[in-house]
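Down below is the structure, laid out as structure tokens.
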Amino acid sequence: MERKSPVFIAFVYACALLLAAVVLAPLAWLFVMSISPAADLAAKPLRWWPQAADFSRYAQLLSRAENSAGAAFTSSLRNSLEVAGMATLAAVVLAVPAGWAVSRTPSVGWSLSMVIATYMLPPVALSVPLYMGLSWLGLLNNVFGLALIYLTILAPFTTWLMKSGFDSIPREIEAAAMIDGAGLFQTWRIITLPLAAPVVATSALFAVLLAWDEFFYALLFTSDQRAKTLTVAIADLAGGRVSDYGLIATAGVLAALPPVLIGLVMQRALISGLTSGGVKG
Amino acid sequence: MSGTWMTTRAWLLMLPLLVIMVAIIGWPLVDTVRLSFTDAQLVGTAGNYVGFDNYTKMLTSSNFSRTLITTTWFAVVSVAAEMVLGVLAALLLNQEFRGRAVLRGLMILPWALPTVVNATLWRLIYNPEYGALNAALTQLHLIDDYRSWLGEPGTALAALIVADCWKNFPLVALIALAALQAVPRDITAAALVDGAGPFNRFRFVILPYLAGPLMVALVLRTIEAFKVFDIIWVMTRGGPANSTRSLSILVYQEAFSFQRAGSGASLALIVTLLVTVLAVAYATLVRKTAGSAA
């Protein structure tokens, strides 16, 4: 082994501190803004730490009083939850059989490759006909319509992850069940799906993160509280004439909380999913 | 079980996915092609066939060339910076030190932060009157007066790139770290015994292991950066004076702000073609890198 000199060790710690500061400072500042009184945020020189922590903006945004900032925020929160939930459920339902089929019958794999190649398409290449189609169906500004459109992003991705998950489950186990007389769906229920549960869960979480993050389609296809998602609501706040920057920061913290918690809890699975998804063809 | 039945069954199982994909990706793409040859408006008139008029009009407009340059610049600089910072962070995280696991865990945070929240956060940091960047630089006496970082054409794009890098370099770092941990210890030890210096060890021993995963990250990040919309829309809407307008924002303006569905569609297809060419060129490069690294 290489013997590390004290200078090298000190250098490593200095770099580690720098990296931690770079990653944490903007996030910490977002939180500090959300609990700083408006006067502190407008002070010159800027007050970096509030004299008294003020959590009232959280209560304000989560209240449901009519025509308040809270009403707009809570409705967009509900819309985001509904759209992400429906789109994820639909994506998983489509992806499980398709992923299994490609995993067990590679000769149909080219069709999945084509579906995955659509990842390259910029959303703007689909947006005009999708807009006209949703308008024709009466699904503009509608959570069902938006969830359907989100499948363009979620379904290829989850199918891809699911396929590599099924690849790691030996066919022999399934074959044994089938020889014992189990049908296809019975084999799935008893053997395949319990074994694939971690992959299904990881894929679903990825799908939720993707849907939660989506902005472009939501901006185009929603127009008011009936369907606007959190990302659009926050962009409205950021671009609007809100004078209290702390309120914008609070909305950001609340919107970031679910994906950040998912990220921290699922760290290991997410990283291995990202790297294997990135490396395998 | 016979092969034909297996194949038929596989198609049946894929059918729901394929039907939905044709409905929400295949058909819209074909319809975009059709629209691109018409003068259709977003609402109302179906439009008449105009041949390649939209394409020639879009390709020769100064807006297009300027936006193409802006987008390319954004993509090249931000992806290059993300790659370099990501690899450096991964090399650091591959060292042994106290708190390494915690620091590695923190790297997931910028990645998990929604893009729009990241854009909003940096917009607040860059705020010309109350922003943290102005406050910090003034208090450190690095600048005398508050500046409008996103309001001046000279700094807006750079400010966007910093915000984009901060969110995306940790992902590159995590991918590179996973690859670094696959480098066998005895190989690096052998190179050390043979007297290879730090640079040569990185170049000849470690880099071959990194090349494959990094190429994949490079391809995915470049495609993403070329399609960029969200972060720019929230931070500058393409301004000031269109200095940060990306191709996706130009398509949005043409098709939705000006409601010119026909020319918007042609522009969208030009962008799609550019991304496809980029992706195919990259895929070839990846295959070569993977071949030489193995």
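What follows draws every value from the coordinates through simple rules; no lab data is involved. On a predicted model such as this, the values are computed, not experimentally measured, just so you know. Every residue, glycine among them, receives a Cβ derived from its backbone with ideal geometry; neighbour counts consider all protein chains shown.
For segment A:149-205 versus segment B:163-213, the spacing of their alpha-carbon centroids is 34 Å. Separation of segment B:53-123 from segment A:1-51 is 21 Å, based on Cα centroids.
Across chain B, C-alpha contacts under 8 Å between residues 6 or more apart give a mean separation that, scaled by the residue count, equals a relative contact order of 28 percent.
Site-free segments of chain A were taken between GluC sites (Glu not before Pro) in DSSP loops having at most 14 other Cβ atoms within 10 Å, sites themselves excluded; the longest one is A:67-281.
Electrostatic tally near B:Arg123: other residues with Cβ closer than 15 Å to its Cβ, Lys and Arg +1, Asp and Glu -1, net -2.
Taking K and R as +1 and D and E as -1, what net charge do the other residues with C-beta under 13 Å from the C-beta of A:Tyr13 add up to?
So the surrounding residues net to +2.
Excluding A:Val208 itself, calculate the net charge of residues whose Cβ lies under 13 Å from the Cβ of A:Val208, where each Lys or Arg counts +1 and each Asp or Glu counts -1. Net local charge, A:Val208 excluded: -3.
Within chain A, which DSSP H helices have Cα atoms that stretch 27 Å or more along the helix axis and a mean Kyte-Doolittle hydropathy of at least 1.0?
Details: long enough: A:6-35 (41 Å, 2.40); A:69-104 (52 Å, 0.96); A:143-167 (34 Å, 1.25); A:193-213 (29 Å, 1.72); A:245-265 (30 Å, 1.97).
For chain A, where a helix must reach 27 Å along its axis and average at least 1.0, the hits are A:6-35, A:143-167, A:193-213, A:245-265.
In terms of distances greater than 32 angstrom between alpha carbons, the cross-link table entries A:Lys44/B:Lys167; B:Lys57/B:Lys227; A:Lys163/B:Lys57 yield A:Lys163/B:Lys57. Would you pull out the residues with amide H under 5 Å of B:Thr38's amide H, same chain only if 5 or more places away, H placed 1.01 Å from N? Those qualifying (amide H under 5 Å, at least 5 residues apart or on another chain) are B:Val50.
Summary of the geometry: segment B:216-237 and segment A:93-133, compared by the centres of their Cα atoms, lie 21 Å apart. Ordered by the count of other Cβ atoms within 10 Å of each Cβ, fewest first, B:Thr244, B:Thr188 give B:Thr188, B:Thr244.
Counting Cβ atoms of other protein chains within 10 Å of each residue's Cβ and taking the mean over peptide A:128-138 gives 5. Are there any trypsin sites (Lys or Arg not before Pro) in segment A:154-242 that are in a DSSP loop and have at most 11 other Cβ atoms within 10 Å? List them by number. Hits after loop and neighbour filter: A:Arg226, A:Arg241. For chain B, the membrane-span-like helices by this rule, meaning whole DSSP H stretches whose C-alpha atoms cover at least 20 Å of axis and whose Kyte-Doolittle mean is 1.0 or above, are B:3-21, B:62-93, B:153-180, B:207-226, B:261-293; this says nothing about an actual membrane. Computing FRET efficiency as 1/(1 + (r/R0)^6) for B:Thr60 and B:Lys288, where r is the C-beta to C-beta distance and R0 is 41 Å, gives about 0.70. Per-residue ellipticity at 222 nm, computed for the protein assembly as shown from helices alone with -39500 (n - 2.57) per DSSP H run of at least four residues, works out to -23500 deg cm²/dmol. What lysines could a cross-link reach from B:Lys288, if we take a straight Cα to Cα line under 17 Å and drop same-chain neighbours fewer than 8 places away? Leaving aside lysines fewer than 8 places away in the same chain, those within reach of B:Lys288 are A:Lys280. Fully extending the segment from A:Ser113 to A:Ala71, taken as 0.36 nm per residue of separation minus the present Cα-Cα distance, adds 10.8 nm. Distance between the modelled labels on A:Ala20 and B:Val280, one decimal in nanometres: 5.0 nm (7 Å Cα→Cβ projection).
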